[in-house]
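Trainee: The structure under discussion is supplied below as structure tokens; questions concerning it will follow.
Just so it is clear, none of the values below were taken in a lab; they were calculated from the coordinates. Bear in mind that the values here come from a model prediction, so they are computed numbers and not experimental data. Don't worry about glycine lacking a Cβ; one is built from the backbone with ideal geometry, like all the others, and counts go over all protein chains shown.
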Amino acid sequence: MRSYAKAGAANEYHQFGVLQEIESASPHRLIQLLMEGALIRIARARGSMERGQVAEKGQQISAAIDIISGLQASLNREVGGGLSSNFDALYDYMMRRLLQSNLNDEPAGLDEVSDLMREIKSAWDVIGAELEAS
């Protein structure tokens, strides 16, 4: 019983920390947090897929799709022009690929989307470092 209480307390503490970070985050950091969240959900989905946990896999993939949809909705099409259109298409592809991976129990699709997200995030992280330096 105690281990459940400790796990629950640790989860609450973690959620509190994340909420605090979100409340004080810059818009740039919020995008980083979303990308990190998508990567975490995809990794969890892959683990669930490997363990045959169908419901958990579906929940994690659904959460990742929701996050990517949020990233897509946050695109500034007025300022971003062609770059925004490219990201829009990429996010759309990533969401479709996650759905395919879920339906076909295909870990390669999860890996592909993770790789794409890590690539986008690494570029976004460089931008953040440049913003902090200026």
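Trainee: Classify region 27-133 from the C-alpha gyration tensor, please: rounded if a/c falls under 1.5, else prolate or oblate depending on whether a/b exceeds b/c.
Mentor: In terms of gyration-tensor shape, prolate.
Trainee: What is the distance in Å between the Cα centroid of region 92-108 and that of region 114-134?
Mentor: Their Cα centres are 24 Å away from one another.
Trainee: Taking θ = phi - 60°, what integer Hz values does the Karplus form 6.51 cos²θ - 1.76 cosθ + 1.60 yield along region 45-50, in sequence order, with x for Gly and Pro?
Mentor: 4, 5, x, 5, 4, 5
Trainee: With θ set to phi - 60°, apply the Karplus curve 6.51 cos²θ - 1.76 cosθ + 1.60 along region 67-77 and write out the HN-Hα couplings as whole Hz, x wherever there is a Gly or Pro.
Mentor: Here the 3J(HN,Hα) series is 5, 5, 4, x, 5, 4, 5, 7, 5, 9, 6 Hz.
Trainee: At a Förster distance of 25 Å, what's the computed FRET efficiency of residue 123 paired with residue 53, Cβ-Cβ distance as r, to 0.05?
Mentor: Approximately 0.15, to the nearest 0.05.
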